[in-house]
Amino acid sequence: MEIFGEYDGKKVETIRLKNDRLTAEVLSYGATLRALWVPDRDGKPLDVVLGFDKLEDYVNHDSCFGAIVGPVANRIGGASCLLNGKRLELTPNDRGNCLHSGVAGLDRKLWETVAVSDEAVTLQYTHPDGLGGIPGDLRLEVTYRLEGSGLLVAYRAVSKRDTLCNPTNHSYFNLDGHGSGSVLRHQICLHAQSFTPTDDKSIPTGTIRAVSGSAMDLTRPARIGDHIDDANEQLRLAGGYDHNYVITAGEEALRPAAEVWASRSGVKLTVRTDCPGVQFYTGNYIPAGLSGKGGAVYGPRHGFCLETQGFPDAPNHQSFPPVTLRAGQTWTSRTLFQFSAE
């Protein structure tokens, strides 16, 4: 382990994981995946996640590059919801809504490294009761584990009080390399026949809509840029793709969620998860001219996210799968990011 910087008077660690296929770097700040090297079609290691070289950039920017976000990822409409019939008032930070738990956000917390080996690290954070309006005490663990040519992200949480629990990883991927520009030529396929449409503030309307016949249909391989600027109301409101897709049900413990392939590098990413949804986000609001790792310059649509999750704003929609964690119960979830080269 190395020291990446200092936050709130405490050292921020860099933990490097390595096997014969992949190399990853994880920060204890935000339990952040800072770098991930995968082999391209020629066997050359390629860092495929966006990030920063300095801790202050992670602190000063709200992009959540590579971080674990939550305890409630994504948006809660009006920064308010009911739990056990009692209204929770959360911290608004996104047009009157609560995005990624606001001031309670895990992406801006210093996690404790509780176990580490050559190929895996487990980090832990205890969310204090009432922080940002979210009940606790909620103890969360996340494990990053290299498994052959894949990176497994495993979550475990237990709370002393009934609470809300829906964390995810917020890595931005660019399969041609983190500094290679736009991802619009990447080909994507989502295992989702429907999605949850949103209003003009990206809050789900509470309905589930079939993707068939619309620009939201990514059930067959297509370039990300093929329809991103179509005259589609959902794409117009979000400035591109920034939507929760409903993963097709299946018998497997980790169900296929998405495949993405970059023709230039030959790198293919396959995502499998036990979550009911995945937020496909095309980095529409990455600031232009943002300085990233190794002198790279990032901008809008220079990375894509596949955030496996419970549905956004679930506590406000009874028809959505619940994200409630009862006191004393244990919640777990797993997502596998598998890489190959073609």
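The values are calculated or read from the model by the stated rules, or taken from the named source; none is laboratory data. What you are looking at is a predicted structure, and each value in this text was computed from that prediction instead of being measured. When we count neighbours, we look across all protein chains shown, and the Cβ atoms used for this are built from the backbone with ideal geometry, even at glycine.
Here are the numbers for the structure shown:
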{"item": "ARG41 being of a type in the set (Lys, Arg), at pLDDT 95 or above and within 24 Å of ARG156 (Cβ to Cβ)", "result": "no"}
{"item": "Segment 284-305: number of residues that are assigned to a loop (DSSP other than H, G, I, E, B) and in contact with an Asp or Glu (Cβ under 9 Å, 6 or more places away or on another chain)", "result": "3"}
{"item": "Count of residues meeting criterion [of a type outside the set (A, V, I, L, M, F, W, C) and part of a loop (DSSP other than H, G, I, E, B)] in segment 306-317", "result": "4"}
{"item": "Selected residue (criterion: surrounded by the fewest Cβ atoms within 10 Å (Cβ to Cβ)) from residues of segment 87-139 that are assigned to a strand (DSSP E or B) and among the small types (Gly, Ala, Ser)", "result": "ALA115"}
{"item": "For SER182: the one exception among (1) crowded, with 17+ Cβ neighbours inside 10 Å; (2) among the small types (Gly, Ala, Ser); (3) touching a residue at least 24 places away in the same chain (Cβ under 8 Å); (4) over 28 Å from ASP47 (Cα atoms)", "result": "(4)"}
{"item": "Breaking point among (1) closer than 17 Å to LEU164 by Cα; (2) over 16 Å from the mean Cα position of the chain (by Cα); (3) not small (Gly, Ala, Ser), for VAL267", "result": "(1)"}
{"item": "Subset of segment 61-83 [modelled with pLDDT of 95 or more and polar (S, T, N, Q)]", "result": "ASN74, SER80"}
{"item": "Pair list, Cβ under 8 Å, 6 or more apart: segment 49-76 residue free of Cβ contacts under 8 Å to residues at least 60 places away in the same chain, other residue assigned to a helix (DSSP H, G or I) and surrounded by fewer than 22 Cβ atoms within 10 Å (Cβ to Cβ)", "result": "VAL59/ARG108"}
{"item": "Check on PHE320, in a loop (DSSP other than H, G, I, E, B) and either farther than 18 Å from ASN169 by Cβ or among the hydrophobic types (A, V, I, L, M, F, W, C) (or both)", "result": "yes"}
{"item": "Residue selected from segment 278-319 under the condition of a type in the set (S, T, N, Q) and within 13 Å of the chain's Cα centre (by Cα), by the criterion farthest from GLN187 (Cα to Cα)", "result": "GLN309"}
{"item": "Flag if TYR281 is free of Cβ contacts under 8 Å to residues at least 60 places away in the same chain and surrounded by 14 or more Cβ atoms within 10 Å (Cβ to Cβ)", "result": "yes"}
